[in-house]
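The structure appears below as structure tokens.
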Amino acid sequence: MTYTDQLALLDAIENFSVPIIPPTTHFWMIRTKKGYFYNEFLSKRFVALAWNNISQETDFSESNKDSLKDDILMTFKEIHRPSTVINKCHSFIYEIKTNDILVIPSAKSSYITFALAGEYYEDDSKTLELEQNVIYRIDNHDVDINDVSCPYKKRRHITLLRTVKNEELNYSLCRAISNYHGISNLDSYSKQILNALYNYYMFGNDMSFVLNVRKQTPIGPRSINNVLYGTTELLTSIASEECISTQVSLNSPGDIVFSLVNVKNLLVDNWQFIFAILVFLGGGSALSFKVPGAIDIVKSIFSAKDDYRIKHAEAEKAELEVLEKKADLLQKIKDSGINPESLKNPVDALLTGCTTLEVEPIILDDASAANVPLATEVQESPDIEDE
């Protein structure tokens, strides 16, 4: 590793920041008509909602509600609760906002795609007659899943974030996806959704750290113990232990989530340096680049004072910059009241545990999220699509 690479890595730690999820962010599930429109949604980067007789021009006022209900009942004979349809359409058009997070399930919810909501728009070529014809053919198994296009008029642009297999998700989130209707608010599952998207983040006054475990063979208790011990010791150096909780969901693969509750204004000074080291050593994507030998460089911060004393007299300019940067980071950690010596064993334990558990960073990438196998058949699904 060159001294330039080392300096870039140390600069990244010094300038580390935690993504802040705006408190106004809402979370929604958008279904795909039993998966028939899932691949089209991903490939063309949009989501859509049924009932083409309702649009942005529709009068949603209370005075017009009875008339609108009658129109829905006359147009869609299968609908028994027209007020539910009205509420869903209103949510899709007006309540979903740009950068809200969408949850999009495939056929049988085998894959789940997360996306950022974009602007609302309408495709006027998608008529009510077209919708009724296409949906009739789907409901009567008269068309293959890959041979039909979405006939819905109401649409939103999306930016894909990540696609995961159903079995990799938190159990309660999986249950919610299976039980909820065509468009549903999932704000009560915000933490589970964010844990599937970020290795670390701040939401409200809470901060979370997620270890993305990829090991698929049996997991030994010592590996889990190493991770729990190492992470807990690092976190308790920057926040009170009473604020910290842990949730282990190891489905092989699975995750280990550390939550720091109500800590936004309680963290010690210079806490971000310790958290950056924790994220980096724990397999997170704190850095936008991979540097061979980077872990050794990060660990060497804790012995920076000795290295500087021994080497600085003979060091070349580039090496001296690295030594000074390490010493500066070490001093900032000490200024927070943290004893660096006390963190050496936890760091080693964390590294050992994360290596054994095959912890990897969560990567958000639009192109990768769209790379999902085409479904070849659609099984009967318990999902409720129409009401």
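Here are the numbers for the structure shown:
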| item | result |
| --- | --- |
| Gyration tensor verdict on segment 63-118 (Cα atoms; rounded if a/c is under 1.5, prolate if a/b is larger than b/c, oblate otherwise) | oblate |
| Using θ = phi - 60° and Karplus 6.51 cos²θ - 1.76 cosθ + 1.60, couplings along segment 52-61 (whole Hz; Gly, Pro as x) | 5, 6, 10, 9, 5, 7, 5, 7, 8, 5 |
| Linear extension gain, Lys165 paired with Ser342, 0.36 nm per residue minus alpha-carbon span | 59.8 nm |
| Equivalent ellipsoid semi-axes, segment 123-278, via Cα gyration tensor eigenvalues times 5, rooted, Å | 42, 20, 12 |
| Anisotropy class of segment 177-223 from Cα gyration tensor, a/c 1.5 cut | oblate |
| Fraction in percent of alpha-carbon pairs per bin - 10 Å, segment 1-103 | 11, 29, 24, 14, 9, 7, 5, 0 |
| Separation of alpha-carbon centers, segment 119-143 and segment 229-267, rounded to whole Å | 47 Å |
| Inter-label distance for Ser172 and Arg222, nm, one decimal - labels placed 7 Å from Cα along Cα-to-Cβ | 3.4 nm |
| Segment 206-223 and segment 1-49: distance between their alpha carbon centers, rounded to Å | 21 Å |
| Too-long pairs where the Cα-Cα distance tops 30 Å, listed order kept, from Lys33/Lys65; Lys44/Lys97; Lys215/Lys332; Lys191/Lys215 | Lys215/Lys332 |
| Per principal axis, descending, Cα span of the chain in whole Å | 86, 44, 39 |
| Tilt relative to the chain, helix 62-75 - C-alpha long axis, 0 to 90 degrees, to 10 | 70 degrees |
| Between 0 and 90°, nearest 10: helix 128-139 axis offset from the chain longest Cα axis | 70 degrees |
| The chain: angle of helix 271-281 to the longest principal axis, Cα-based, in degrees nearest 10 | 80 degrees |
| Per-bin percent of Cα-Cα distances, segment 31-197 [10 Å] | 9, 38, 37, 15, 1 |
| Helical contribution to [θ] at 222 nm, DSSP H n ≥ 4, -39,500 (n - 2.57), averaged over the chain, rounded to 500 | -11000 deg cm²/dmol |
| Cα gyration tensor, segment 145-222 - rounded (a/c under 1.5), prolate or oblate | prolate |
| Listed residues Val85, Ser61, Leu73: farthest to the positive end of the dipole of segment 31-197 (Cβ charges) | Val85 |
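Bear in mind that the values in this text are calculations on the coordinates, not laboratory data. Keep in mind that what you see is a predicted model, and the values were worked out from it rather than measured. In this analysis, Cβ positions are derived from the backbone assuming ideal geometry, glycine residues included, and neighbour counts consider all displayed protein chains.
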